[in-house]
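Engineer: Sharing a structure with you now.
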Amino acid sequence: MTLRRIVSTILFAALVAIFATRAQPVLAQSSGPSSQKENRDDETNLDTQLYLLIATNQDVDDAKLPSALGPVVVQLRSSLPFKNYRLAATLINRVKNDGRLYLQWVGGPLLPSSAAASGSTPSFNEFKVNNVKLTADSSGRDVVRMEGFRFGARIPIQTGTAVASNGPAGPIIAYENTGLNTDISMREGEPVVVGTLNVGPSGDAIILVISARRSSKP
């Protein structure tokens, strides 16, 4: 074998070794416990409480309100010219952190029977939040952010009386649409007033109060 052939053989073997080394796949590093924790879904749940209050200048049968709403009622009495407040509904729901919430329900009349058609006339209600998320404000305090908060209601209003030729007169009922859309944030566990909706010819108002906190149970 000549010297030239020996040199060529050595160079060829070296090139083959270089290409074989580069062709080997690079194995991805396995993620440790910390990486698995970061990639794991957040399983935090939040309990939300939506209170529907009716503000009125009429007498109410039961003016007792939950003790958790004490600071809110003090705020309302100092800023709104209503004599009485009553609790129309309380809705408690659980939602996953960074999740959404949506419900519809048929309930009793939100307004007093003198403003609504009758005590048996229902109202149709909707409550929706596009995103509920536990986060922190600029001071590091825990806050709950609600994006796409919506409340809507169809409330029966008596607009007149129908006269029957061969029977008793009956009420003429029209359903009035009312609602509120907003984005809000609140301190965890502290109820806040979301908004006030004036409804009906009596001048009564629906007041929306919301609070949210981390669930104590998984």
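Each reported figure results from applying straightforward, stated rules to the coordinates on display, with no laboratory input. None of the values given here were measured: they were computed from a predicted structure. Cβ coordinates were reconstructed from backbone atoms using ideal geometry, including for glycine residues, and neighbour counts include every protein chain displayed.
Engineer: Among 172-181, 129-138, 51-60, how do they line up from the highest to the lowest mean number of other beta-carbon atoms within 10 Å?
Structural biologist: 51-60, 129-138, 172-181
Engineer: Work out the charge dipole of the stretch 43-214 with +1 on the Cβ of Lys and Arg and -1 on the Cβ of Asp and Glu about the Cα centre, then indicate which of Thr182, Val194, Met146 is farthest towards its positive end.
Structural biologist: Met146
Engineer: When we measure straight from the Cα of Lys83, which aspartates and glutamates land under 16 angstrom away, once same-chain ones fewer than 8 places off are left out?
Structural biologist: Cross-link targets: Asp59, Asp61, Asp62, Asp204.
Engineer: Report the relative contact order of the stretch 43-214, percent, no decimals, based on alpha-carbon pairs under 8 angstrom and at least 6 residues apart.
Structural biologist: Reported relative contact order: 25 percent.
Engineer: Taking every pair of Cα atoms in the stretch 43-214, average 1/r, invert it to obtain the Kirkwood radius, and report Rg/Rh to two decimals.
Structural biologist: Taking Rh as the inverse mean 1/r over Cα pairs, Rg/Rh reads 1.04.
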